[in-house]
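Inspection log for the structure reproduced underneath, given as structure tokens.
Bear in mind these aren't lab numbers, they're just calculated from the coordinates by the rules spelled out. As the structure is a prediction and not an experimental result, all values here were calculated from the model. Positions of Cβ are backbone-derived with ideal geometry, glycine not excepted, and every protein chain shown enters the neighbour counts.
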Amino acid sequence: MNYPAMNKLVISATVNGDAESFLCDPGTTLLDALRTELGLTGTKEGCGSGDCGACTVMLDGAMVCSCLVLAAEAEGMAIHTIEGVAEGGALHPVQAKFLELGALQCGFCTPGFIVAAKALLERHPDPSETEIRYWLAGNLCRCTGYDKIIRAVIEAGAELRQERKAPELGTQDRQRLVSDPSDSTDRGALATIEDAALSDAAFEGEAAAAKVVGNEPHPTEIEP
Amino acid sequence: MNAPQPQHAFRVVGTRPVRPDGVDKVTGKAIYGPDFVAPGMLYGAILRSPHAHARIRSIGTSKASALPGVKAVATGRDFPTIESLVMTVGESASDIVHVARNCLALDKVLYEGHAVAAVAATSQAAADAAIQAITVDYDVLPHVLGLEEAMREGAPLLHDDVFTKGVSPKPDKPSNASMKVVIERGDIDAALAGAAAVASGRYTMEPVHQGYIEPHGCVASWNADGQAQIWCSSQGAFAVRSQVASMLGIAQADLRVTPLEIGGGFGGKTAVYLEPVAMLLSRKAGRPVRLVMSRGDVFRATGPAPGAVIDVRLGADADGKLVGADIEFKYHGGAYPGLNAHSGVICSIGHYNVPNARLIGWEVLGNRPASKAYRAPGAPQVNFAVESAMDEIALQLGIDPIELRLRNAVRPGDPQPTGVPFGAIGYVECLEAAKAHRHWSAPLGPNQGRGLAGGFWGNYGGPSTAQVSITEDGSVTVTTGSPDIGGSRASMAMMAAETLQVPYEQVRVTIADTAAIGFSMVTGGSRVTFATGKAVIAAASQVVDTLKARAARIWGVEPGEVAWTDGEAVCSSGAKAGERMTLRQVAARAAHAGGPISAEAALNAAGWLPGFAVHICDVEADAETGHVRVLRYTAVQDVGRAIHPDYVEGQIQGGAVQGIGWALNETYVYNADGRLDNPGFLDYRMPVASDLPMIEAVMVEVPNPDHPYGVKGVGEVPIVPPLAAVANAVARAAGVRLRDLPLSPDRVYAALNAR
Amino acid sequence: MRIVVMPPFDREFFGGDRLDMDATNLFDLVARLDARAPGFATIAEARAAFAIDGVFAPDWSLPLADACEVIVLPRVGGG
């Protein structure tokens, strides 16, 4: 319900570390205020009913769907949005791993996933695959089937743990540390299977030679 | 340049670099449909029909117009009178008059959620309040939802000017059945009478939605001089331009459409809904107008994929060779014709050689939103029935499901149902890869079952334009008109880099507006990496020729004496033999050696090849709750050649999961009044991360000889096999076969307890 | 040359699926098909595709050999 005739409220809050004030109607959601009043359109509306997680932000350290919070409720609180996840010009490891592992296609749900995944890893530095899947169950992605998102969060967690262990190391050293060849999620070498039965079935000619490339071994075979 | 190069020759193709638009998308900077702001912009809202079928007696807008902040009100009467014109709309053809009526109803509303009137105001709140002040006097009509109900004599008729196409003689009475497609060969009844095994059954499903997370959104600005701009998220800015210009009677050159980032489409964003309405409002108000749908609007009023009733009889001899297929399906067309039942007929048994067949497809209208393309449109529904029947034949004859399919699979040279022979396809290779995969032989626990299904989709090529330019410092820009819906900027940059023999990072890609680049067909039909890729490669090849010619002029030798090697010009003969000039050096001197270096390729890409896939699914069925859990999933696909394997795997994984959702959870639920009962993500249950295992994507590479790098379309076929793969797994886990989707807990529970 | 008309165009326009006619190229063929079934030309651009001797022909200007077979089929783009 909207109240266009009513007077506007003045809301003061900290947004990504900076003091901000904005005007809003009493019925305005935090999502609309962020997007319209503050121009922070990185936070997305996918449903407006708290079912898709595209509008996920942090409010005084709590993960919320900003479409379900009134802007007026944020008075005096600290809001963190996707725009504040990277520090200066440096991407957060969750952002970097999303890019490195191709964990986004259209990218629309990505801000919500990144805010939620960062919140998870801050609370729980070493989550299992199942824990990641349940933590992110409130975020809908229609493009990826979640596979690469889960892998990106696993790898970002590993990188953050290394960072904590070896704060003195530079970025390149950290990357080397997490690129363990025995790591099941390492994509360094793309498995190439030239199967005899397959070669027989393949029809003649170089152009037609079939090659089978798999991604990674199935996780159930790694973690029985 | 047309023969694929061997794998080892590639320097960029097949690697996994970071996409060029990636940082914008992980930091929230990318501007999507609902994000764009124009100076002085107004906010729009649309009033939608609460009725499934009604005649509009009158629309009262004066109260709304008088409200503070309201700058414009529009109804269907504001569209100019336009003549019937069949246009290509994404994947299929629609009458532009129907498209206009769907954007704003005239005289009749045909489904709950049908747009009736629109308002533009100075704030969203004012616009939302104003549409509540519009009064519509409806004469409510009887409605029809079901496929067979809509085909019955005396059923409520949606249109009095729609006659069944594809029947002879031409019907003299209008019908809700808008199209019939029949393909017959051999003697189907005799073949099935003589078959050793026949699987028959009726399969059903309600419509499902594409489920993109970004709702439709646009901003339009139509000036007093008749020129206009639209900023929108769409699978095809050019399709928006042609449809809106036709509907509003303006020249296409007067309308500049800028594609914003697109938050998913899957076929559903090949259509226009909001853009013409925003244009009408903008023209009246003299200011830019934004329209954005709510999620409820998206579910109620945008294109779901058709639901279906499918009757199938499939027969095989004792060796498992298919002898006959008798298939008749009816697909929902929704409110307007435009679906193409043909694709369902072609894809039904197109992946097998079947000597005798009677394949009948119907498109049937009803009081639902007009069906739109959804990833391999028309194929998953009928594939569910056919691949379920294949599983039954495998069980009846005691033949391994993969072996059964291998005995019938189409190979290169075999005829497609259209009579056109298949080219270098890889269905057999996919089946062999599935057979060899460790998943196929892994042990199963109690209450668990393993299902397998295969499928195909024809893919497409079509028109695309691309421009490749060399900057003064030797870096490269690529410009196309193909919206990047899943990482195609990366594959375009990779193919340009491969052709120019330069590092990937040296190439940057822009998706241009409709005034800045020539025509490209929509991003859809699994065509962009293939067709727009061909245009990019062709333009880059021309640039290589120009670079060689420029280097020759600088050296004072003949063009034939310069080779392009490792991204550098190399003089091959004469006094300068062995001298090299880098791309940067040629670029810096280009202005004095003939001018800037840039090339455009505009082509209608032919030589596309179909995609084939084989999926393996393990499920566990909970006898106490009827809940089905997917335990393991492997998707094998012939991808031609993967340019960027991460994004090819991503297409396979995403398509498979959409199919899993279709199989287990997703369905439109209408009540008796013809109103949608589940227009939100809470009740329209798409898969979430905790529902799923990892999806193993296995890429089989049978290169396309008609693409320089071997590309085949990969985006659509992954949604074809999952419905049957899941259902076959449930049948083997539960010992009962379910033929109605979704396989929801209540249905599975009932089936388990009826054993 | 032999013209094979696939559904739904066979029944929608021509009352049959086998035609015999000569044409210099596909533009000419569309015009001749339109003369036989008025209205075909207006929908051909949006709805039809052609295969010449088993190969899709997006270029309608290619000359047609007398002995060739042309299949007229619906265009399927995809999503």
Checklist entry - Got a sec? How would C:Met1, B:Met694 order by Cβ neighbour count within 10 Å, fewest to most? => result C:Met1, B:Met694
Item to check | Loop trypsin sites (Lys or Arg not before Pro), the stretch B:561-655 (other Cβ atoms within 10 Å of the site Cβ: 11 or fewer; DSSP) | outcome: none
Next on the checklist: Modelling each spin label as a point 7 Å along the Cα-to-Cβ direction, I'd like the B:Glu579/B:Ala66 distance in nm, to one decimal.
Outcome noted: 8.4
Checklist entry - Taking each residue of B:27-37 in turn, how many C-beta atoms of other protein chains fall within 10 Å of its C-beta, and what is the average? => result 6
Checklist entry - Once the Cα gyration tensor of chain B is found, what semi-axes does its equivalent ellipsoid get, as square roots of 5 times the eigenvalues, in whole Å, sorted largest first? => result 42, 38, 22
Checklist entry - Which loop-located trypsin sites (Lys or Arg not before Pro) does the stretch A:1-94 contain, where loop means any DSSP state but H, G, I, E or B and the Cβ has at most 14 other Cβ atoms within 10 Å? => result A:Lys8
Item to check | Förster radius 25 Å - calculated FRET efficiency between B:Gln396 and B:Asp740, Cβ distance, rounded to 0.05 | outcome: 0.70
Checklist outcome for this item: For the protein assembly as shown the translational diffusion coefficient, Stokes-Einstein from a Kirkwood Rh over Cα pairs at 10 °C and viscosity 1.306 mPa s, in µm²/s, is roughly 53
Checklist entry - Given charges of +1 on the Cβ of Lys and Arg and -1 on the Cβ of Asp and Glu, with all other atoms neutral, how large is the dipole of the stretch B:464-533 about its Cα centre, in debye to the nearest 20? => result 240
Checklist entry - Lys/Arg Cβ at +1, Asp/Glu Cβ at -1, dipole of the stretch C:3-79 taken about the Cα centre: which of C:Thr24, C:Ala41, C:Val4 is farthest positive-ward? => result C:Ala41
Checklist entry - Scanning chain B for helices, which whole DSSP H stretches are 27 Å or more long along the axis (Cα) and average 0.0 or more by Kyte-Doolittle? => result B:533-555, B:645-664
Checklist entry - Which of the peptides B:173-183, B:524-534, A:155-165 is most tightly packed, and how do the rest follow, judged by the mean count of other Cβ atoms within 10 Å per residue? => result B:524-534, B:173-183, A:155-165
Item to check | Size of charge dipole - the stretch B:291-408 - debye, nearest 20, with Cβ of Lys, Arg +1 and Asp, Glu -1, no other charges | outcome: 580
Item to check | Stretchable slack from B:Asp107 to B:Ala251, in nm (0.36 nm times residue separation minus alpha-carbon distance) | outcome: 49.1 nm
Next on the checklist: So for chain B, averaging the separation of alpha carbon pairs under 8 Å that are six or more residues apart and normalising by length, what relative contact order in percent results?
Outcome noted: 16
Item to check | Estimated distance in nm for a label pair at B:Arg747 and B:Ser441, the labels positioned 7 Å out from Cα along Cα-to-Cβ | outcome: 3.5
Item to check | Average beta-carbon neighbours from other chains, 10 Å sphere, peptide B:418-430 | outcome: 5
Checklist entry - How about the stretch A:1-108: which GluC sites (Glu not before Pro) there are in a DSSP loop, with at most 13 other Cβ atoms within 10 Å of their Cβ? => result A:Glu75
Checklist entry - Taking every DSSP beta bridge that has both residues in the protein assembly as shown, what percent is antiparallel when rounded to the nearest 5? => result 80
Checklist entry - Considering only DSSP beta bridges with both partners in chain B, what is the antiparallel share in %, to the nearest 5? => result 75
Next on the checklist: Let's test this: bin the Cα-Cα distances of the stretch B:661-755 at 10 Å from zero up to the farthest pair and state each bin's percent.
Outcome noted: 12, 32, 29, 17, 8, 1
Checklist entry - Where both partners of a DSSP beta bridge lie in the stretch B:114-268, what percent of those bridges are antiparallel, to the nearest 5? => result 45
Next on the checklist: Restricting things to Cα coordinates, could you compute the convex hull volume per residue of the stretch B:150-278 in Å³?
Outcome noted: 219
Checklist outcome for this item: Relative contact order in percent for the stretch A:23-84 (Cα pairs under 8 Å, 6+ apart) equals 38
Checklist outcome for this item: Computed from the beta carbon distance with a Förster radius of 51 Å, FRET efficiency for B:Ala318 and B:Ala602 to the nearest 0.05 stands at 0.40
Item to check | For chain B, Cys with no neighbouring Cys Cβ under 4.7 Å | outcome: B:Cys103, B:Cys347, B:Cys430, B:Cys571, B:Cys617
Item to check | Peptide-level mean, for B:204-213, of C-beta atoms on other protein chains within 10 Å | outcome: 3
Checklist entry - So how strong a dipole does the protein assembly as shown carry about its Cα centre when Lys and Arg Cβ are +1 and Asp and Glu Cβ are -1, to the nearest 20 debye? => result 1540
Checklist outcome for this item: Residue separation between B:Arg57 and B:Asp673 times 0.36 nm, minus their alpha-carbon distance, gives in nm 219.7 nm
Checklist outcome for this item: A correct Stokes-Einstein calculation for the stretch B:204-272, using the alpha-carbon Kirkwood radius, 20 °C and 1.002 mPa s, returns a whole-number D in µm² s⁻¹ of 165
Item to check | Listed residues B:Val522, B:Gly487, B:Gly560: farthest to the positive end of the dipole of the stretch B:470-564 (Cβ charges) | outcome: B:Val522
Next on the checklist: How big is the stretch C:22-79 along each principal axis, measuring the range of its Cα positions in Å and listing the largest first?
Outcome noted: 36, 26, 15
